[in-house]
Amino acid sequence: PNANLNTTVGSNVIAKPCSTTTYTLNYSSSCPHYTCSSGSKTITLNVNQNLSISASQTTINTCGSSVLTANSTNPINVTWSPSTGLSSTSGSTVIARPCTTTTYIATFACPQTNCSYTRNITIYVNKNGSIVNNTAKPCGSTIDLEHVANPPCPGMTYAWYSMSAPSTVLSTSSKYIKPLSSPSDQGVYFVIVKTPQGCIDTLYTTVVMDCCNISVDFEPVDCNPVRFINNTIDGITGDPIILGEWHWDFGDGTTSNIRNPSHLYRNSWGPTTICLTAVVEQNNSTCCAKVCKVVDVCDFGCIPKAAFDYSLVTPGTTDVQFTDRSVGGGTPCGYEWYVNGVLMSTAASPMITLGTPLPPGPGNRYNICMKVWYCPDPNNTCFEEWCEVIEIP
């Protein structure tokens, strides 16, 4: 080839190949007194580039640096790219302080031959920051949030925020912040950290406080069937807790999830441990508490126990599906359902549109009464009635 040759004719040429190259010489002689000859010869010029780049460390943190060195056995010009995080884009030695993992390319240019070569090296960046959070303390306790860099990075700046008001800066004074330990201060916090070389990192943490104050209790009525009246209250206001998850363990291998269940013990009598676990939302916390009592269960009696369960049919309405959960007595043969004192249905498990709630109070509350008759009863006097206040979200 004619690449990197000063000329392609003549008995003497100068070759400056950029890589190992095989050249071919084509020759012929023009002589008037003897036979002319012609032919070709080849020669291979091996180019030893002897180029490399190295780094003082290939893994750094966001506050660290690495020295990049271009190595060559010949005088040569070196340029670097990209320029992000570099102290200079030219020279055999530069300092790299990237904010994220970056691959740098060194371009070696030989002015004598106009040849250029590239080598690359990757500097990996570890995000070395974290937030220490001593959360899950009781309400009123001091909550300390601290940004920690390992290893330390002097000169960092901080801006703390809460996701409840993400455009409002809470503090820029230090790596510490102390939320006002109250229920409203729970939630997600984040800090934007900036290193001296301009690297920015955002870290998040969640503040959770133990703001639960509920008193779980229940009252058993009669000995079998047993009605369980849920007396769980808000430990702060003293108000009954109506909305929640209720997990009853009747001590005989059976359970229930309704608020005020009735239960018929068929195979076990005598002292029985009954437990109620309540899971409710209070002060922006999910609260869980449990109470157990020993109830003296007697042999099966004839007194029935009315009970019901309910669920909202369509969110945003007062359409509620009621389900008969009564136990004991004979065969049910009649029902009456009352809402705030008004007869609404005589079905066993009706769907009722509740309408207007009770006078102003917490939530949309309704007084529901269920009356169930049992057969046979010639005098129609074997009935049981149960009333409770329910709340619709």
Candidate set: segment 354-381, residues that are among the polar types (S, T, N, Q) and assigned to a strand (DSSP E or B); chosen: the one modelled with the lowest pLDDT: N364
Answer residue from segment 232-255, given it is under 23 Å from C298 (Cα atoms) and either out of contact with any Ser or Thr (no Cβ under 9 Å at 6 or more places or on another chain) or free of Cβ contacts under 8 Å to residues at least 24 places away in the same chain (or both) and is surrounded by the most Cβ atoms within 10 Å (Cβ to Cβ) among those: D252
Take the residues of segment 307-330 that are in contact with a strand residue (DSSP E or B) (Cβ under 6 Å, 6 or more places away or on another chain) and outside any strand (DSSP E or B): which is modelled with the lowest pLDDT? G329
Residue within segment 303-319 that is under 29 Å from M209 (Cα atoms), loosely packed, with under 15 Cβ neighbours inside 10 Å and not hydroxyl-bearing (S, T, Y) present: no
Count, please, the residues in segment 177-206 that happen to be modelled with pLDDT of 90 or more, within 30 Å of E281 (Cα to Cα) and not hydrophobic (A, V, I, L, M, F, W, C). 3
Sort out which residues of segment 112-142 are within 30 Å of Q282 (Cβ to Cβ) and at pLDDT below 80, and write them in order of number. N134, T135, A136, K137, P138, C139, G140, S141, T142
Where residues in segment 256-274 are of a type in the set (S, T, Y) and under 20 Å from C387 (Cβ atoms), which of them is surrounded by the fewest Cβ atoms within 10 Å (Cβ to Cβ)? S256
For the subset of segment 200-250 comprising residues that are part of a loop (DSSP other than H, G, I, E, B) and charged (D, E, K, R), which member is nearest to V291 (Cα to Cα)? D217
Would segment 153-173 turn up any residue that is small (G, A, S), surrounded by 12 or more Cβ atoms within 10 Å (Cβ to Cβ), at positive phi and in a strand (DSSP E or B)? no
Segment 1-17, subset aliphatic (A, V, I, L, M) and farther than 21 Å from S116 by Cα, residue modelled with the highest pLDDT: V13
Only one of V226, V191, V216 is under 26 Å from D296 (Cβ atoms), crowded, with 17+ Cβ neighbours inside 10 Å, in contact with a Leu (Cβ under 7 Å, 6 or more places away or on another chain) and of a type in the set (A, V, I, L, M). Can you tell me which? V216
Can you tell me which of (1) of a type outside the set (A, V, I, L, M, F, W, C); (2) free of Cβ contacts under 8 Å to residues at least 40 places away in the same chain; (3) closer than 30 Å to P179 by Cβ is the one G270 doesn't meet? (3)
Exception for P304 within (1) modelled with pLDDT under 85; (2) farther than 27 Å from I352 by Cβ falls at (2)
Residues being within 36 Å of the chain's Cα centre (by Cα), closer than 24 Å to V372 by Cα and modelled with pLDDT under 85 - total across segment 241-285: 0
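The values are calculated or read from the model by the stated rules, or taken from the named source; none is laboratory data. What you see is a predicted model, and the numbers here were worked out from it, not measured in a lab. So basically every Cβ, Gly included, is an ideal-geometry build from the backbone, and we count neighbours across all protein chains shown.
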